[in-house]
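Novice: Input: one structure, supplied below.
The values are calculated or read from the model by the stated rules, or taken from the named source; none is laboratory data. Here the structure is a predicted model, which is why all the values come from computation and not from measurement. Using ideal geometry, Cβ is built from the backbone for each residue, glycine included, and neighbour counts are taken over all protein chains shown.
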């Protein structure tokens, strides 16, 4: 009689994850989103064991099993309504009942406590005391796997979420995340916490874990309800996203280990928002050289067909949250300019707006001169150059902006991204203005002779109605 086969710790984890996914398909439950992603990560870790990738394979199996047990225990506590469920996990798992969040938000919500807290606990308990130092190499390799697998898996759901690329299209200069989560920050915070936990007795560990749950739960709530600019993008992404829970789980659970070129452990891990299924080319790439293709791309349709010509209409600006304006990081000058715009609007009513857009298809650019005014008095004007990216969606905006009738007094030079969707009928600008960010949402109306827009941030909203002149 042969001896019973021993199941390795990591194979046991994979079996439990597969059982959990099967349960989520019968419910159906959005818990299956992260469980499916996690299974891909675990399969990838297992594929590296025995290859020399990890410094200590046995230790890695223990770390992986300890790490996974935290997630599996949290799901079980949630299902049994256990009041001891950690606060950060409660935020993530309670949100699985919400149908107004996009797929990526659900994934980030579970990644948040699992990486920020659970990974630290698993590391400290696998290598207590001074032995934690020897773990750093393999700890970084786990994070390199996360940084390689997560964007690969997310790119696979592009067919379910066709506007998901907006998160990368509109991420820019120094912004590490659009929906309040960064793998870089989570990894660094987790390792720092692991180094502290490793030297604490268990009662003090539990105190530290409970304390850390508070800010991580707050971060989870920020993922659910991001700022107005991010919320606007999330709403647009959600309108086109598939809502079938089973279809989404099956797509996320569509493969085994992910093949990728792992970055060196010391290399910076890319922020999640910058890795979400981006189109193939950067918004700063060379401009389009030809528009001779039979089917024009969305950005060509908008800037070379719809937008060229003269446009006139009305402009309304409203400060919606004075406190948010005055506590913002804007300079005092910019706060005063925003206040002056509001006061002028309140006294004299809506302003007029005019736009003259000239395309240059041979260079892949277009030029626009915009003026907002009340009678002869200029409130704002901008000379803008739009460089179209070859990916067919993204645009680089270079704006020379002047405030008021005396252009030499208040001026700024802004560069920011835009992206065009809906076949050229919907244009989104991540506008940099007054030292802050606005989301500009421009919709071309049927007939292509009117554009309605809304510009929003945390403290203001502006509306434009632009009508194309005859001719």
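Novice: Which residue is surrounded by the fewest Cβ atoms within 10 Å (Cβ to Cβ), if the candidates are limited to the stretch 427-458 and must be assigned to a loop (DSSP other than H, G, I, E, B) and touching a strand residue (DSSP E or B) at 6+ places or on another chain (Cβ under 6 Å)? Step through it out loud before you land on a result.
Specialist: Going residue by residue through the stretch 427-458, those that are assigned to a loop (DSSP other than H, G, I, E, B) are 434-435, 445-449, 457-458.
Those still in the list that are touching a strand residue (DSSP E or B) at 6+ places or on another chain (Cβ under 6 Å) too: 449, 457.
On the way: 449: 15, 457: 23.
Residue satisfying both the conditions and the ranking: 449.
Novice: Would you confirm whether or not the stretch 309-320 contains a residue that is more than 30 Å from residue 458 (Cα to Cα) and either out of contact with any helix residue (DSSP H, G or I) (no Cβ under 6 Å at 6 or more places or on another chain) or at pLDDT 90 or above (or both)? Walk me through how you get there before you give the answer.
Specialist: Of the stretch 309-320, the ones more than 30 Å from residue 458 (Cα to Cα) are 309-310.
Subset that is either out of contact with any helix residue (DSSP H, G or I) (no Cβ under 6 Å at 6 or more places or on another chain) or at pLDDT 90 or above (or both): 309-310.
Looking through the stretch 309-320, at least one residue is more than 30 Å from residue 458 (Cα to Cα) and either out of contact with any helix residue (DSSP H, G or I) (no Cβ under 6 Å at 6 or more places or on another chain) or at pLDDT 90 or above (or both).
Novice: Would you point out which residue out of 413, 373, 463 is under 21 Å from residue 306 (Cα atoms) and surrounded by fewer than 21 Cβ atoms within 10 Å (Cβ to Cβ)? Break it down stepwise before answering.
Specialist: Numbers: 413 fails: under 21 Å from residue 306 (Cα atoms); 373 fails: under 21 Å from residue 306 (Cα atoms).
The match here is 463.
Novice: Going by the structure shown, is residue 208 at pLDDT 90 or above, more than 28 Å from the chain's Cα centre (by Cα) and in the same structural domain as residue 73 (by TED's automatic domain parsing)? Let's see the steps before the verdict.
Specialist: Working: at pLDDT 90 or above: yes; more than 28 Å from the chain's Cα centre (by Cα): yes; in the same structural domain as residue 73 (by TED's automatic domain parsing): yes.
The answer is yes for residue 208.
Novice: Next question. Do any helices (runs of 4 or more DSSP H) entirely within the stretch 94-162 hold 3 or more residues that are crowded, with 22+ Cβ neighbours inside 10 Å and more than 24 Å from the chain's Cα centre (by Cα), and if so, which? Give the steps one after another, and end with the answer.
Specialist: On the way: elements: 103-113, 119-126, 136-155.
It comes to 119-126.
Novice: Still on this structure, please answer the following. Looking only at strands (runs of 3 or more DSSP E) that fall completely inside the stretch 341-416, which ones have 3 or more residues that are free of Cβ contacts under 8 Å to residues at least 12 places away in the same chain and within 23 Å of residue 312 (Cα to Cα)?
Specialist: Values: elements: 351-360, 365-374, 377-388, 394-403.
Strands (runs of 3 or more DSSP E) meeting the threshold: none at all.
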